[in-house]
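The values are calculated or read from the model by the stated rules, or taken from the named source; none is laboratory data. On a predicted model such as this, the values are computed, not experimentally measured, just so you know. Heads up, the Cβs are rebuilt from the backbone with ideal geometry, glycines too, and the neighbour counts pull from every protein chain shown. Ligands, DNA and RNA are excluded from the accessible area calculation, which covers all protein heavy atoms including side chains. Shrake-Rupley method; radii C 1.70, N 1.55, O 1.52, S 1.80 Å.
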Amino acid sequence: MNGHTGRKIVLVTGASSGIGAATAERLAADGHHVVVGARRRERLDELVGRVSAAGGSAQAVDLDVTDSSGHRAVVDAVVAEHGRLDVLVANAGVMPLSRLDAGRVEEWRWMVDVNVLGLLHGIAAVLPHFTCRGAGHLVTMASIGAHEVPATSAVYSGTKFAAWAITEGLRVESPAGIRVTTICPGVTTSELADSITDPLAREAMVAYRANAIPASSIAAAVGFAVEQPAEVDVNEVIVRPAAQR
Ligand code: NDP
């Protein structure tokens, strides 16, 4: 069986702000049912309210992607309720940038936990269902940082290179019914830079992030990949501000 055309059941992680929230709104506007997960439940409830008011279909779930069994439980519950999960948008991420010589080991661990292990927990949760149906779509939110390594971005870019590689590895290992897409955003308006605590990195980001595109621009790229017919696999999309160098 190939992937569902028409209305899909989609789980978006990290949907409480920025790109995840915009993606959920976009996919709901496209007619899909979106399950929105993150830790800030009140933000998710507001998002579900906005989607519903616009005539869309959404539900909120508590989800911390660093909790492997919790992630699996969320996915299993979606499949139990809706009979399937068509798309996982593995979007949750953090970006506490700093130079390596700042030695912020705890922040490195945090990035690896959320950006790499969180993605792997999502894959571990959905793959049994995708494999059973022979269909499913993983959309990974990597970054322009999967292609370049600015100063202060060694570890963050490392996690995004990893996200790129893991997603490509899933493509290579999977049957044709399972599709994978890596989205690589450039500077996009969101709360992401709020997680930077290092003063030098914060300062550097002011100039780097001066030109930003709205999160809806990234959501449109997700929408494009999701709406393709089952035989078309959009593997990577880089979307950045035209003025970004
Ligand atoms: P935001 O900070 O606005 O959103 C990040 C989201 O991740 C939030 O919804 C947050 O929700 C969620 N999150 C963080 N930790 C966890 C966790 N442990 N479990 C579940 N959810 C979590 O930033 P963006 O929208 O920009 O980031 C989305 C993705 O886009 C990230 O992967 C980021 O790396 C990537 N990206 C962003 C770019 C940009 O310029 N904005 C550029 C390139 C890539 P909560 O805290 O409620 O759990």
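Points to keep in mind about this one:
- Using θ = phi - 60° and Karplus 6.51 cos²θ - 1.76 cosθ + 1.60, couplings along the stretch 149-154 (whole Hz; Gly, Pro as x): 10, x, 4, 6, 10, 4
- GNM on the chain, alpha-carbon springs under 10 angstrom: the most fluctuating residue among HIS121, HIS82, HIS137 is HIS82.
- Average Cα contact separation per residue, the stretch 9-239, under 8 Å, 6 or more apart, as relative contact order %: 21 percent
- Principal-axis tilt of helix 118-133 within the chain, Cα atoms, nearest 10 degrees: 20 degrees
- With 10 Å bins beginning at zero, the pair-distance distribution over Cα atoms of the stretch 89-169 amounts to 19, 47, 24, 8, 2 %.
- Accessible area per residue for the chain, computed on protein heavy atoms with a 1.4 Å probe, is 43 Å².
- To put it simply, the accessible area of the chain at a 1.4 Å probe is 56 percent carbon and sulfur.
- Debye-formula intensities of the chain, expressed as log10 I(q)/I(0) at q = 0.10, 0.11 Å⁻¹, are -0.43, -0.52 (one equal scatterer per alpha-carbon, no solvent).
- Amide H within-cut-off set for ARG179, under 5 Å, with H built and near neighbours excluded: GLY136, HIS137, LEU138
- Residue (of VAL206, ALA73, SER216) at the positive-pole extreme of the chain, dipole from beta-carbon charges: SER216
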